[in-house]
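Peer 1: This is the structure I want to talk about, given as structure tokens.
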Amino acid sequence: MILTLAFRNLFHDRIRLAVTLVGILFSIVLVAVQLGLYLGSSRMITNMIEKTNSDLWITTFGAKSFEEGGILLTSGQRHQALATPGVKAVIPMVSAFAEWRKPGGGSTRVAVVGIDAEDGGLEPWNLIEGTWDDIRAPDAIAVDRSYLGDLGIQGIGDTAQIALGRVRVRALTEGIRSFTQSPYVFTPLQRARNLLNMDGEKGDKSTFFLVQLEPGANLETVRTALQERLEGTDVLTKAEFRDRSLAQWLFKTGAGIALIGGALLGILVGTVIVAQTLYSSTKDHINEFATLRALGSSGSYIHKVILAQAGLSAVIGYSLGMIIALLILYLSRNSPLPLVMTPGLAFSLFALTLFMCAISAVSAIMKVTKIDPATVFSR
Amino acid sequence: MTNETPVLEARDIVKELGKGAGKVMALKGVSLKLVPGELTLLMGPSGSGKTTLLSILGCILSPTSGEVRLAGHSTTGLGPEQLAELRRQHIGFIFQSYNLFPTLNAVENVRIALDVLGQKGYPAAARAEEVLREVGLGHRLQNFPSNLSGGEQQRVAVARAIAASPSIVLADEPTAALDSENGHAVMALLARIAKEQNRSVLAVTHDPRTLGYADRVVRIEDGKIVGEERRPEGVNSPEITDLTKKRRKANA
Ligand SMILES: Nc1ncnc2c1ncn2[C@@H]1O[C@H](COP(=O)(O)OP(=O)(O)O)[C@@H](O)[C@H]1O
Ligand SMILES: [Mg+2]
């Protein structure tokens, strides 16, 4: 009967129900979009790191993110790392921003990623045209199809200039997007070094070393040993480097704060609207609650009716909100920053909606707690 | 009947209502006993304290002084939740304006009284239908209050009051909003549930039409009980009306 009464009270006033649902819906959509963007950004930022086949990362001391590692690690350091017990492979990698000159004039910034596929540190993924072998050809690079327009080119075979050298697109990937909005340009290690002006004495320097361990080697032991041998470097686990990149892009730049702030605002607005409508509904039905009390219902019985009303609103509002959020998600799939929805986020949003509605019920519950059942006779 | 142990007893009840300058002594030392199987009418002019007394007897208000004993136990010092528990275990209420839930149909309105007692599911639904049939509403089970006449609504309220088989039923002006025919029907029903089901029924009224159904009439004026008449054993309804008339003449 608690649910029945809650349901009827809720649907008794359609306009108020609509306001309640719009409030929850607005909240859910706003929070879903903000957190979806947050998740989308996080994935984008960490994608490259996640895809690597590595146990440890060696970066220059204090490297901020994947794109800002500097090109400072020497081959001497690489050999020192290789000589460390428990280390199976140390794969050099180059990553840096560079200027891309479009064939039709103008320029844009790109993130050049240089690594040799045969080293096994970063397997090619999402290739839709061409192969990793094609990229070994002189001048060859791979870019993501979604950036062709930004790069001022049409597709395979087009040429452009990166910093000092001419490059030709030989392969295309799909869905490898960059949070910095500077398209990734994949190319073999040595060509990346050359393009980025690392010829001559700098010709064998790297941005990162991807360390793979011998089977059975202890990660912490090897990490400590590496850190002791290699001065001026950071030896990080994959997770640590990922978190460092996230911290750099999401928090030092304030982007993540803005997203989380937006989500909090959504929660706040939703809670206020739901609290307001729930309170006025309770006020409207106050005589019935007084009657219930006179009939001997416990205080908690009445609270349950109000909480059930809040819970029903939550379920309906969440369902509608999710439909809209998923629609927005679908529409954003080809945008520079696609939203991400995961089962975990969907569940958290539901928990959040229930929580929001429960908080909203507080003022209504305080109102009914003050009911004087004696008012039942004075009508 | 008069020798029966009371199920509800009020002793020397004093009740002050309001605060400061608006303070009113609504009851000034009232004692009253209710025994099973009787329909008692509480009569008196408007403002004489009838509703206040009913609320105190029904454990809705606590007296300023004096004691209410329900089923042999004093209610003095009990908190709101304990009083609510006593109400749902022992007392059924009927109100002047029915106080039905407009969003629930007849069966659901009765079921909710069972629900607060923890009686749920099919047995509760069956019981609700049973009492509605008992009050003659077998054909109105699914109707919402807005689709019931006043008399029918009050009968739903009676069904709600007796659904959990309380030993006491308290009614505040149950016929005041009803026309003569429906008023008589509801009073007949109250008399029946008192006698057939051996309950104590107390109805507050200032409607003389209701007199004929009473086993006993208690008169209250200005917060004090000023008289009590009982229908002699074996005498049927019109007599008590005569008694009342005699008393009025005597007072005049
Ligand atoms: N909440 C209240 N505050 C102050 N005075 C009240 C309150 N309720 C009732 N009264 C007063 O108490 C007296 C008894 O009221 P009530 O029991 O409602 O009388 P009746 O039901 O016989 O008409 C009246 O004088 C009334 O004005
Ligand atoms: Mg009254």
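The values are calculated or read from the model by the stated rules, or taken from the named source; none is laboratory data. Bear in mind that the values here come from a model prediction, so they are computed numbers and not experimental data. We place every Cβ from the backbone using ideal geometry, glycine too, and count neighbours over all the protein chains shown.
Peer 1: Answer yes if at least one residue in segment A:61-75 is free of Cβ contacts under 8 Å to residues at least 24 places away in the same chain and either outside the structural domain of A:Ser348 (by TED's automatic domain parsing) or crowded, with 20+ Cβ neighbours inside 10 Å (or both), and no otherwise.
Peer 2: No, segment A:61-75 has no match at all.
Peer 1: Next up: Of the numbered conditions (1) crowded, with 17+ Cβ neighbours inside 10 Å; (2) in a loop (DSSP other than H, G, I, E, B); (3) touching a Lys or Arg at 6+ places or on another chain (Cβ under 9 Å); (4) modelled with pLDDT under 90, A:Gly121 satisfies every one except a single condition; which is it?
Peer 2: The number of the failed condition is (3).
Peer 1: Separate question: Do we find a residue being closer than 12 Å to A:Phe209 by Cα and without any contact (Cβ under 8 Å) to a residue 60 or more places away in the chain anywhere in segment A:82-101?
Peer 2: yes
Peer 1: Let me ask you something else. Go through segment A:291-314 and give me each residue that's polar (S, T, N, Q) and more than 12 Å from chain B (Cβ to nearest Cβ).
Peer 2: A:Ser313
Peer 1: Of the conditions (1) buried (at least 17 other Cβ atoms within 10 Å of the Cβ); (2) in a strand (DSSP E or B), B:Leu78 fails just one. Which one is it?
Peer 2: (2)
Peer 1: For residues in segment B:28-39 being away from ligand 1 (no atom under 16 Å from the Cβ) and either β-branched (Val, Ile, Thr) or not in a loop (DSSP other than H, G, I, E, B) (or both), which is surrounded by the fewest Cβ atoms within 10 Å (Cβ to Cβ)?
Peer 2: Step by step, filter segment B:28-39, then rank; the result is B:Ser31.
Peer 1: Does at least one position in segment B:179-198 carry a residue that is surrounded by 19 or more Cβ atoms within 10 Å (Cβ to Cβ), within 16 Å of ligand 2 (Cβ to nearest atom) and more than 14 Å from chain A (Cβ to nearest Cβ)?
Peer 2: no
Peer 1: Would you be able to tell me the number of residues in segment A:352-368 that are within 24 Å of B:Ser97 (Cβ to Cβ) and either among the β-branched types (Val, Ile, Thr) or not assigned by TED's automatic domain parsing to the domain that holds A:Lys304 (or both)?
Peer 2: Going through segment A:352-368 one residue at a time, the tally reaches 1.
Peer 1: Taking segment B:116-129 as the search range and keeping residues that are in contact with a helix residue (DSSP H, G or I) (Cβ under 7 Å, 6 or more places away or on another chain) and outside any loop (DSSP other than H, G, I, E, B), which one is surrounded by the most Cβ atoms within 10 Å (Cβ to Cβ)?
Peer 2: B:Ala128
Peer 1: Filter segment B:63-75 down to the residues that are in a strand (DSSP E or B) and in contact with a helix residue (DSSP H, G or I) (Cβ under 8 Å, 6 or more places away or on another chain), then identify the one that is farthest from the other protein chains (Cβ to nearest Cβ).
Peer 2: Within segment B:63-75, the match that is farthest from the other protein chains (Cβ to nearest Cβ) is B:Val68.
Peer 1: Further, regarding this structure: Scan segment B:130-152 and tell me whether some residue there is at the interface with another protein chain (Cβ under 10 Å from one of its Cβ atoms), assigned to a helix (DSSP H, G or I) and hydrophobic (A, V, I, L, M, F, W, C).
Peer 2: Looking through segment B:130-152, none of the residues is at the interface with another protein chain (Cβ under 10 Å from one of its Cβ atoms), assigned to a helix (DSSP H, G or I) and hydrophobic (A, V, I, L, M, F, W, C).
Peer 1: Under 7 Å between Cβ atoms, which residue pairs at least 6 apart in sequence (or on different chains) link something in segment B:143-165 that is farther than 11 Å from B:Tyr98 by Cβ and in contact (Cβ under 8 Å) with a residue 40 or more places away in the chain with a partner that is surrounded by fewer than 20 Cβ atoms within 10 Å (Cβ to Cβ) and of a type in the set (A, V, I, L, M, F, W, C)?
Peer 2: Here the result reads B:Ala164/B:Leu117, each pair linking segment B:143-165 to a residue that is surrounded by fewer than 20 Cβ atoms within 10 Å (Cβ to Cβ) and of a type in the set (A, V, I, L, M, F, W, C).
Peer 1: Could you check, for segment A:356-375, whether at least one of its residues is within 14 Å of chain B (Cβ to nearest Cβ), away from ligand 1 (no atom under 16 Å from the Cβ) and not in a loop (DSSP other than H, G, I, E, B)?
Peer 2: The answer is yes; a qualifying residue exists.
Peer 1: Are there helices (runs of 4 or more DSSP H) fully within segment A:200-311 with at least 2 residues that are over 25 Å from the mean Cα position of the chain (by Cα)? List them.
Peer 2: In segment A:200-311, the matching helices (runs of 4 or more DSSP H) lie at A:219-229, A:255-284, A:286-294.
Peer 1: Of everything in segment A:2-27, what is more than 14 Å from chain B (Cβ to nearest Cβ) and either without any contact (Cβ under 8 Å) to a residue 12 or more places away in the chain or closer than 22 Å to B:Leu114 by Cβ (or both)? Give them in sequence order.
Peer 2: A:Ile15, A:Ala18
Peer 1: Now for a separate question. Mind listing whichever residues of segment B:91-102 are over 23 Å from A:Thr4 (Cβ atoms) and at pLDDT 95 or above?
Peer 2: Within segment B:91-102, B:Ile91 is the sole residue that qualifies.
Peer 1: To continue, here is another question. What tally of residues in segment B:136-163 results from selecting those that are crowded, with 24+ Cβ neighbours inside 10 Å and among the small types (Gly, Ala, Ser)?
Peer 2: So the count comes out to 4.
Peer 1: Now for a different question. Considering B:Ile60, B:Ile56, which residue is at the interface with chain A (Cβ under 10 Å from one of its Cβ atoms), buried (at least 16 other Cβ atoms within 10 Å of the Cβ), β-branched (Val, Ile, Thr) and part of a helix (DSSP H, G or I)?
Peer 2: B:Ile56
Peer 1: Can you tell me which residue within segment A:244-290, out of those that are under 27 Å from A:Asp372 (Cβ atoms) and of a type in the set (Gly, Ala, Ser), is farthest from the other protein chains (Cβ to nearest Cβ)?
Peer 2: Residue satisfying both the conditions and the ranking: A:Ala275.
Peer 1: I'd like to know if segment B:40-47 contains one or more residues that are more than 19 Å from the chain's Cα centre (by Cα) and more than 9 Å from ligand 1 (Cβ to nearest atom).
Peer 2: no
Peer 1: Which residues, counting only those in segment B:98-108, are touching a helix residue (DSSP H, G or I) at 6+ places or on another chain (Cβ under 6 Å), facing chain A (nearest Cβ under 10 Å) and crowded, with 18+ Cβ neighbours inside 10 Å?
Peer 2: Hits for segment B:98-108 are B:Tyr98, B:Asn99, B:Leu100, B:Phe101, B:Thr103.
Peer 1: Only one of these conditions is not met by A:Ile324: (1) at the interface with chain B (Cβ under 10 Å from one of its Cβ atoms); (2) modelled with pLDDT of 90 or more. Which number is it?
Peer 2: Of everything listed in (1) at the interface with chain B (Cβ under 10 Å from one of its Cβ atoms); (2) modelled with pLDDT of 90 or more, A:Ile324 misses just condition (1).
Peer 1: Looking only at segment B:109-129, which residues are closer than 28 Å to B:Ile56 by Cβ and either basic (Lys, Arg) or more than 9 Å from chain A (Cβ to nearest Cβ) (or both)?
Peer 2: Result: B:Asn109, B:Val110, B:Gly118, B:Gln119.
Peer 1: Continuing with this model, one more query. Select from segment B:83-97 the residues that are within 12 Å of the chain's Cα centre (by Cα) and facing chain A (nearest Cβ under 8 Å) and write down the one among them that is nearest to B:Ser167 (Cα to Cα).
Peer 2: Among them, the one singled out is B:Ile91.
Okay, residues lined up against (1) of a type in the set (Lys, Arg); (2) surrounded by fewer than 21 Cβ atoms within 10 Å (Cβ to Cβ); (3) modelled with pLDDT under 90:
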| site | (1), (2), (3) |
| --- | --- |
| A:Thr233 | no, no, no |
| A:Glu240 | no, yes, no |
| A:Gly256 | no, yes, yes |
| A:Gly262 | no, yes, yes |
| A:Thr291 | no, no, no |
| A:Gly296 | no, no, no |
| A:Ile316 | no, yes, no |
| A:Leu320 | no, yes, no |
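Peer 1: Then there is this: In this structure, is A:Tyr318 touching a residue at least 24 places away in the same chain (Cβ under 8 Å), in the same structural domain as A:Ile15 (by TED's automatic domain parsing), touching a Ser or Thr at 6+ places or on another chain (Cβ under 8 Å) and of a type outside the set (S, T, N, Q)?
Peer 2: yes
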